[in-house]
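Data first, discussion second: the structure below is written as structure tokens.
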Amino acid sequence: MKEPKGNSPMGRMWHLYKMGGLTPAIASMMGSSNAQQMAFIRSMSREQRKESTLDTPLAEMEAVVFDLETTGFHPYNGDEIISIGGVCIKGGEFQEIEPFYRLVNPKRKIPKHIVELTGITNEMAQEAGDLMQVLHDFMDFTGKRVLIAHGSGHDKQFLNAALWRTSKVNLTHRVVDTMMIAKWLDPKRGEYGLDELLESYGIEITERHHALHDSMMTAKLYFTFLKMIQSRQVVTLGDLYAYLSRH
């Protein structure tokens, strides 16, 4: 993106983004609600960069297992997030915290095959919150916890694009990918899709391509993997990262 020049409103806003500050000038240009949400997201990003989670024992690690549904696969070419789901875990158990689930208004038409896949209609999306609000709520829900997802590249790419577009920050949370864990634990199997792994490990498939259901099923898959990981004397998140980096 080309940096705006001069003393234009966009130029002043860009300068404030880079400086990390949000002044009444931004509030007046964006609306105070959006400015407050942006300030919160940027603050969360700064705080997360200070955290060192690599020494955290996996048995005690607090994490959010999450999933996104999107209009397609290309966040930098017009595709948008249409729902975010997540559940809180600690070690190998769910925490007694209400799960997160929000629809997002993509402000574009949802393709027919995505409607059929996810059950999210254009009418449902039009009534949903905008991206900034839902991101604010999700980052608040996540806090400083580690993030876990299956095939996390897709989710990370969309989250990064959304965070940059709304708040000019990148995702700074540690992310654990259950697909990568599966490839490490069982390198000879042919399929590593969520459906195949859930079936292989006897985890009930409830409703696929629903962000909250997929998050809950991925969490159960992670719990299964955690027992296998610990049997290999892998104790901390840093240990796990070290093993995954070799595969």
Over 30 Å (Cα to Cα) among Lys112/Lys227; Lys156/Lys220; Lys107/Lys220; Lys156/Lys188; Lys144/Lys227; Lys109/Lys144 -> Lys112/Lys227; Lys107/Lys220; Lys109/Lys144
Between region 187-247 and region 77-118, how many Å separate their Cα centres?
19 Å
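Can you give the Rg/Rh ratio of region 88-234, where Rg is from the C-alpha atoms and Rh is the Kirkwood radius?
Details: Rg = 16.4 Å, Rh = 16.9 Å.
Result: Rg/Rh = 0.97.
Taking R0 as 30 Å, what's the FRET efficiency between Trp164 and Tyr101 from their Cβ-Cβ distance, rounded to 0.05?
Details: r = 24 Å, r/R0 = 0.79.
Between Trp164 and Tyr101 the formula returns 0.80.
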Length gained if Leu54 through Phe73 is fully extended, taking 0.36 nm per residue and subtracting the Cα-Cα distance, is 3.8 nm
What is the Cα radius of gyration of region 110-163 over 2.2 N^0.38 Å, N being its residue count?
1.32
Here the FRET efficiency for His209 versus Thr172, based on Cβ atoms and R0 = 30 Å and rounded to 0.05, is 0.60
What is the magnitude of the charge dipole of region 54-244 about its Cα centre, with +1 placed on the Cβ of each Lys and Arg, -1 on the Cβ of each Asp and Glu, and no other charges, expressed in debye to the nearest 20?
580 debye
Let me have the relative contact order for region 54-244, percent, based on Cα pairs under 8 Å that are six or more residues apart.
28 percent
Could you give the length gained by full extension between Val235 and Glu196, i.e. 0.36 nm per residue of separation minus their alpha carbon distance, to one decimal place?
11.3 nm
Among the GluC sites (Glu not before Pro) in region 109-172, which ones are in a DSSP loop with at most 15 other Cβ atoms within 10 Å of the Cβ? Mind listing them?
Glu127
Rounded if a/c is under 1.5, else prolate if a/b is larger than b/c, else oblate: which is region 146-219, with a ≥ b ≥ c the root eigenvalues of its Cα gyration tensor?
prolate
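No lab work stands behind these numbers, since they all come straight from the coordinates. Since we're looking at a predicted model, the values are computed, not measured. As a convention, Cβ positions derive from the backbone with ideal geometry for all residues, glycine included, and neighbour counts pool all protein chains shown.
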